[in-house]
Amino acid sequence: TEYSHRMPVHIGASVRYEFSKRLGLETGLTYSLLSSDLKTGTESTDGSWSKGVQTLHYLGIPLNLSFSIVDSRLVNVYISAGGMMEKGVRGSIKTDEYINGRFHDSSEHSITPKGLQWSVNASAGIQLNILPQLGLFMEPGISHHFRNGSHIRSVYSDKPTDFSLGFGL
């Protein structure tokens, strides 16, 4: 089976506790959606093959230490590093089967990744402060996901090192 992984989508909310004006600890809750296109066999008019989509849903808790390089009333330039623990909460594989070049059947199976998914990350960012407690940020970063023994393939297992561009409020 060939896997073609789509770009992961992460949505989350975080809070920061400041130890000092420059040093802080961040945590929160993150939802991750991992999608992959699957293909088994070769598309032809005289053979059997199938194609499908695997979808995995994760909830995660990040824990990062951040350091402000520039911290003014209007802008904050910072670096951050830490890790995240994610738990697979749900997943599915939807498959279309073809025989002799013609559609034969569709099926859907539920799957749930076993164990916890651990990762480490580092990023640098810039935040424009809208209010004292609210800002608009952009944050390029890198993360690495460790093998967790799950038999389910995903972008985390096949491409464990990932570059990202986060943004939000």
Residue hits (region 122-148; modelled with pLDDT under 95, open to solvent by 60 Å² or more (accessible area, probe 1.4 Å) and assigned to a strand (DSSP E or B)) are 130, 131, 134, 136
Can you find even one residue in region 94-104 that is in a strand (DSSP E or B), among the aliphatic types (A, V, I, L, M) and either touching a helix residue (DSSP H, G or I) at 6+ places or on another chain (Cβ under 7 Å) or loosely packed, with under 14 Cβ neighbours inside 10 Å (or both)? yes
In region 49-98, which residues are among the acidic types (Asp, Glu) and over 28 Å from residue 116 (Cα atoms)? 71, 96, 97
I'd like to check something: does region 43-62 contain any residue that is on the phi > 0 side of the Ramachandran plot and polar (S, T, N, Q)? no
For the list (1) open to solvent by 60 Å² or more (accessible area, probe 1.4 Å); (2) modelled with pLDDT of 95 or more, I need the number of the one condition that residue 160 fails. (1)
Condition first: outside any strand (DSSP E or B), touching a residue at least 12 places away in the same chain (Cβ under 8 Å) and not β-branched (Val, Ile, Thr). Now tell me which residues in region 8-47 satisfy that. 8, 21, 22, 43, 44, 46, 47
Based on what the data block shows, is residue 119 closer than 14 Å to residue 64 by Cβ, in contact (Cβ under 8 Å) with a residue 12 or more places away in the chain, touching a His at 6+ places or on another chain (Cβ under 6 Å) and open to solvent by less than 40 Å² (accessible area, probe 1.4 Å)? yes
What do you reckon, is residue 131 aliphatic (A, V, I, L, M), out of contact with any strand residue (DSSP E or B) (no Cβ under 8 Å at 6 or more places or on another chain) and within 30 Å of residue 168 (Cα to Cα)? yes
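The values are calculated or read from the model by the stated rules, or taken from the named source; none is laboratory data. Being a predicted model, the structure only gives us computed values, none of them experimental. Backbone-built Cβ (ideal geometry, glycine too); neighbour counts: all protein chains shown. Calculation scope for accessible area: heavy atoms of the full protein, side chains included, ligands and nucleic acids excluded. Shrake-Rupley method; radii C 1.70, N 1.55, O 1.52, S 1.80 Å.
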